[in-house]
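Beneath this line is the structure, given in structure tokens, with notes to follow.
The values are calculated or read from the model by the stated rules, or taken from the named source; none is laboratory data. Just so you know, these numbers come straight off a predicted model, no measurement behind them. Here the Cβ is made from the backbone with ideal geometry for all residues, glycine too, and neighbour counts use every protein chain on show. Ligands, DNA and RNA are stripped out before the accessible areas are found, and what is left, the full protein with its side chains, is counted by its heavy atoms. Shrake-Rupley method; radii C 1.70, N 1.55, O 1.52, S 1.80 Å.
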Amino acid sequence: MDDVTDVKTALALLARHLAARRAVILHNWQRSVEADPELTTSSNLSRAQFNDHIPQVLAAFERRLEARHPLEKEVAFEDQRNSAAEHGVHRWQQGYHQRETIREWGHLQYWVLDELESYGLLHPALQATVMPIARSALVRLCSEGVCESAGSYERLQRSEAASRVRELEWALLQLQQLERQRAESWREVGVVANASSALLHQAADARQRASASRMLQRSVEALRTLLTDMIDLARLEAGQEQLRLAHFDAAALLRGYCDTVRPLAEQRGLFLRAEGPESLPVEGDAAKVQRIAQNLVLNALKATQRGGLRLVWAERNASGTEQWLLCVQDTGPGFEPASAAAPLADAVLEATAESQQADSGVDPAPTLASQSDPDAPRESAGEGIGLSIVKRLCELLDASLEMETAPGAGTTFRVVFPRRYLRRPSRE
């Protein structure tokens, strides 16, 4: 047996050892992440949600070590890259900041290296030949893992940016329409001064003035709301929003919000039902939870022509973690996946589906049957901005954002919050 064969055989034995120790590596990795004061989101995940695609990443690493042919190595490397990319998508959906995901990879590298060093001490004859190859492969594993996870974040951030571009284009269109409406008003009343003169001109028809005034007011209000949302989003992205954790009754908060917004739903001919336990004591930031509910409900109202909405809250215990959830369900038209009209929503939908595949213990959020015309025009103003705000607030609250929709069914957004915080999150 030549030296090359000896090395390949030794690498295969090392790979089998790592496979046998994989559960220990994952356990040590989770413990060190939980002990890291810079990482808080992981404490609210079940073991399956925390591990996510990392077991597949480690399995691909083991296959690379024991591969005897270049093609086998390339296949294992590609599997490793794909699993790392999907891991990045899920961490984004679970509310991680990119910095947290990268920091977790550092903890993983430490524990795999610790296992390699322990193996090397037990087999000193391999120190000059096999162990340098294994260490080099580990460095590549973690560097590629960080790059692929970061690449997933970049792609998802581009989806958010695309949603914002749509909102800015809508705002520009509204300004152009306002200008056309003003010019039309001037022509109709025969006044060439300004819109104020047209509305106040004594010769103008009272009904015409009232209609023009209402139309202008609606456009101005929509633009004001959009600009306010953009300012809120900018504050969140600049790290100017801080958590104010306190104990509160989520049921009372959400029921009260529904009572406030129900007249708006009824004005549109829609129902708005609030469903959940009479009381749900939790820890969190009540104002930010209400902002999440508000953005989801208002977006749902815009998307729904007939039927209505359900706002549901409930507690959930998943694999020993204390959580509670908020669902907003509508009878809107739903939409096809990969819709160019809703890039951020499509990214959330894709991440939700992949996350459910990774953790079979999580049931999909139920949807209501659609009662709306799928071809009817929908009010899109603020939808992308509103969902971006929800996503940023979820990251601030260590909450995950999920979405279910399909043609012929409505849309459901589900936010899963920690019921209590082991320590106060520190967000930059």
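Ordered from highest to lowest accessible area with the whole protein assembly present and a 1.4 Å probe, 53, 69 read as 69, 53. Only protein heavy atoms count here; under a 1.4 Å probe, residue 147 has an accessible surface of about 90 Å². Under the convention that each Lys and Arg Cβ holds +1 and each Asp and Glu Cβ holds -1, the size of the dipole of segment 238-305 around its Cα centre is about 300 debye. Going by accessible surface with a 1.4 Å probe and the largest first, 235, 306, 244 read 244, 306, 235. Spin-label pair residue 6-residue 422: with each label point 7 Å from Cα along the Cα-Cβ axis, the two points sit 4.7 nm from one another. With the cut-off at under 20 Å, measuring from each backbone N in segment 243-284 to a point 7 Å along the Cα-to-Cβ line of residue 371 picks out 258-276. Solvent-accessible surface (1.4 Å probe) assigned to residue 255 amounts to roughly 70 Å². Per residue, the convex hull around the alpha carbon atoms of segment 12-151 comes to 97 Å³.
Once the Cα gyration tensor of segment 92-141 is diagonalised, what are the square roots of 5 times its eigenvalues, in whole Å and ordered largest first, as equivalent ellipsoid semi-axes? Intermediate results must be reported in sequence, preceding the final value.
On the way: eigenvalues 179, 21, 7 Å².
They are 30, 10, 6 Å, listed largest first.
Applying 1/(1 + (r/R0)^6) with r as the Cβ-Cβ distance of residue 75 and residue 316 and R0 = 45 angstrom yields a FRET efficiency of 0.70.
Amide H to amide H distances under 5 Å link residue 95 with 401, where only residues 5 or more positions off or on other chains count and H is placed in the peptide plane.
Relative to 2.2 N^0.38 Å, what does the C-alpha radius of gyration of segment 38-103 come to as a ratio? Two decimals please. Walk me through the numbers before you get to the answer.
Values: Rg = 13.8 Å, N = 66, 2.2 N^0.38 = 10.8 Å.
Against the compact-globule rule of thumb, the ratio is 1.28.
Within the assembled protein chains, the solvent-accessible surface assigned to residue 18 is about 0 Å², based on a 1.4 Å probe.
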